[in-house]
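Worksheet: the structure to be examined is printed underneath.
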C-alpha cells in the first residue's frame, strides 16, 4: 500500500474589488513537505474575468502577479528573496492573508500519495469545473 503524505493547499483568487469581497478562483497552490513539493497552477479565463470585474481590471498586472506565485514556488533566484526561503516558509508567505487583488483561501489539509496528481485534481475541481 502506497504511503499517504500530509499536504496543504489554498485556492488562488482574483478579487477585483477588495471592498466587495467577490472573487474568481484562478489557481491552486499545494505544499507537501514530505515530498518536497510546492507548486501553483494558474488558469486565467480572461473573458470571464473581464465580464466579472469590469473594464477597470488590469489583466497584464493580474497575469504578472500570478506568475510571481509560480516563480516563488519554484524556489529559484527568479522568485526573488521570498523564493530563496525554505519551502515551508515560502508556502506560509504565499498563503498569508492580504488585501490585494490576488488572495488565497484558507489553507486546507489532506492526505495524498502523489502531490502533483493531487494538485492537478484540485485545480480541475476548484478552478476549471467551478467556472
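Averaging 1/r over every pair of different alpha carbons in the chain and inverting the result gives a Kirkwood radius of 15.1 Å. Counted by neighbouring Cβ atoms within 10 Å, the residues 129, 101, 29 run from fewest to most as 129, 101, 29.
With contacts taken as Cα pairs under 8 Å at a separation of at least 6 residues, the stretch 5-128 carries a relative contact order of 36 percent.
Taking N as the number of residues in the stretch 56-107, what value does Rg over Cα atoms divided by 2.2 N^0.38 Å take?
Dividing the Cα Rg of the stretch 56-107 by 2.2 N^0.38 Å gives 1.17.
The stretch 88-131 and the stretch 1-37 have Cα centres separated by 1 Å. Across the stretch 29-83, the mean sequence separation of Cα contacts (distance under 8 Å, 6 or more residues apart), normalised by length, yields a relative contact order of 26 percent.
What does the C-alpha gyration tensor say about the overall shape of the stretch 86-131? Classify as rounded when a/c is under 1.5, otherwise prolate if a/b is larger than b/c, or oblate. It comes out oblate by the Cα gyration axes.
Readers should treat all values here as calculations from the given coordinates under stated rules, not as data from a laboratory. What you see is a predicted model, and the numbers here were worked out from it, not measured in a lab. Because the Cβ atoms are built from the backbone with ideal geometry, glycine has one as well, and the counts that use them run over all protein chains shown.
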